[in-house]
1. Any residue in the range 334-342 that is assigned by TED's automatic domain parsing to the domain that holds residue 312, surrounded by 14 or more Cβ atoms within 10 Å (Cβ to Cβ), without any contact (Cβ under 8 Å) to a residue 40 or more places away in the chain and small (Gly, Ala, Ser)?
2. If I go through the range 291-320 residue by residue, how many of them are in contact (Cβ under 8 Å) with a residue 40 or more places away in the chain, out of contact with any Lys or Arg (no Cβ under 8 Å at 6 or more places or on another chain) and not polar (S, T, N, Q)?
3. Would you tally the residues in the range 314-336 being farther than 18 Å from residue 303 by Cα and over 24 Å from the mean Cα position of the chain (by Cα)?
4. Would you check if residue 94 is under 18 Å from the mean Cα position of the chain (by Cα) and either within 12 Å of the ligand (Cβ to nearest atom) or on the phi < 0 side of the Ramachandran plot (or both)?
5. Taking only the range 145-162 into account, find how many residues are assigned to a strand (DSSP E or B) and either of a type in the set (A, V, I, L, M) or away from the ligand (no atom under 16 Å from the Cβ) (or both).
6. Inside the range 179-207, can you point out the residues that are part of a loop (DSSP other than H, G, I, E, B) and within 20 Å of residue 119 (Cβ to Cβ)?
7. Please specify each residue of the range 368-391 satisfying the condition of being touching a Lys or Arg at 6+ places or on another chain (Cβ under 6 Å) and of a type in the set (D, E, K, R).
8. Considering only residues that are of a type outside the set (D, E, K, R) and surrounded by fewer than 24 Cβ atoms within 10 Å (Cβ to Cβ), look in the range 203-227 and name the one that is nearest to the ligand (Cβ to nearest atom).
Amino acid sequence: MIRIPSCGVVGLDREIVESVYRILWPKPLKLFTAGPVSCFPEVLEVMRFQMLSHRSDEYRALHRDTVQRLADFLEARRSTVLLIPASGTGFMEASIRNAVSPRGKVLVTIIGAFGKRYREVVEDNGRIPIVLEKPPGEPVLPEELDDALRKNPDVEAVTITYNETSTGVLNPLPELARVVKEHDKLLFVDAVSAMGAADIRVDEWGIDLVFASSQKAFGVPPGLAMAAVSEEVFERAKRIPERGWYFDLLRIRKYLESQWSTPSTPPIPQIAGLNAVLRIIEKMGGKYKWLEMYARRAERIRRGVIDLGLELFAREGYYSPTITVVKAPPGIRGVEVYEAMRRRGFEIAKGYGPVKEYTFRIGHMGYITDEDIDELFRNLAEVIEELKKKT
Ligand SMILES: *Cc1c(COP(=O)(O)O)cnc(C)c1O
C-alpha cells in the first residue's frame, strides 16, 4: 500500500469535516439521479490526495494515461481526446465557436431539453440554427435527418443528442451518423449522458466532436469535460476568427501535445477518478463487458417499472441505457413520487423540461448495485399505492 499524503497539516479536525458533511448529507440517500451520480468507491478513494502541480511530470503521466485509456474506450485513434476543466456544456459551446463560421448554419436536432440547449448555444454564439424537432419521447429517424439535410444543403454541421436525459430516449446514432457523412457535414454529438454506457465508435462512425461530463455514466464527481475531436474540426478552427480563449480547441490541443496538460488548471482529482474508472472497466473485461453491465442494469430497472404497472415514456426500441423516464399514474404528479421516495432515502430524478409535470425519472448511472435496485422498487411499489389512495 502506497501512503498518500493527506490534506491534514497537523492531524485532522474531525469536527470541521463533520460539520461540512452535516450540510451536505443530513441523511443518507441512495442515488438514482440524472447526474451527478453515485461514484465508485475506488474513485472517491483515489481523489483524496494532496495536490500537485499540473505542470509536474507526475501530473503529465496521469493526464497522458487517462487520455490514452479514454481514446481506446471511444475507439478514437484518428481523433484527439481532450480533457478540460468544464462541465460538458463547455464542449457544446466549443464545437460551435471553433468549427462553424460566424453566421454559419447548423442543423440542430431536438428531441428534448438538451437539444434545445444546443439550439440556444448556436444562437447565443451568433450562428444560425435550423431545427429538426421531434415530440418528446420520440427519436430522430435517419430518413427524417436525410430529408432535413436535402432541404438545407447549406448547413455546416449537424448536432445530435445521443441520449436525451429529459425523455429517456437513445437516438440511433450509428444510422444518423451515416446520413450526416453521406451529406458530408460535420457531426457534433452531445453524449453527456451516453458516454460510458452507450457504445461510441468515433472513427468508425465518423463523429467530428463528441463530448461528455465526468458526473454521468462514468460515475466521477463533476468538473471535468471530455471530448474526442476530429482533425477536420481543428482544420476549420484555424480559419475561424474569435474562437475565444477558454474553449479554443487549438490552444487546448497545443498544451496536450506539447506537455500532456491543459492551458488552465485542470480538475486533477477528477482526472484521477476517471483514470480509476477506466481501470475498473479494463478489470471487468473491457468496454463491451462494461456496456453489457449497463444494459442489464437498464433492463432490470425497466422491468421493475413495468412490473408495477407503470408506463415508460420513451418510444419502444429507443430506450436509454442510463435513465428511465416513467409516466406518473393518472392524478399523481411526478414530483410527488420524487418527494415520497426522498423521504424514504432514495434520490430519484424529477421530471425535466416540457414533460416535467407528469413524469419522474430513475437514473441508472454510476455506482448502483442490484440490491439497491430491488430495494428501490420495493419502496416505489409502496409509494405508488399510498399516492393512489390519496387521489
Ligand atoms: C447533463 C446533460 C448535459 C449538461 O451537462 P453539464 O455537465 O451540466 O454541462 C447536457 N446534455 C445532456 C444530454 C445531459 O444529460
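1. For the range 334-342, residues assigned by TED's automatic domain parsing to the domain that holds residue 312, surrounded by 14 or more Cβ atoms within 10 Å (Cβ to Cβ), without any contact (Cβ under 8 Å) to a residue 40 or more places away in the chain and small (Gly, Ala, Ser): present.
2. 13
3. Selection size over the range 314-336: 5.
4. yes
5. Residues in the range 145-162 being assigned to a strand (DSSP E or B) and either of a type in the set (A, V, I, L, M) or away from the ligand (no atom under 16 Å from the Cβ) (or both): 3 in total.
6. 183, 185, 191, 192, 193, 194, 207
7. Within the range 368-391, 372 is the sole residue that qualifies.
8. The residue in question is 222.
The values are calculated or read from the model by the stated rules, or taken from the named source; none is laboratory data. These numbers come from a predicted model, not from an experiment. Every residue, glycine as well, gets a Cβ built from its backbone with ideal geometry; the counts of neighbours run over all protein chains shown.
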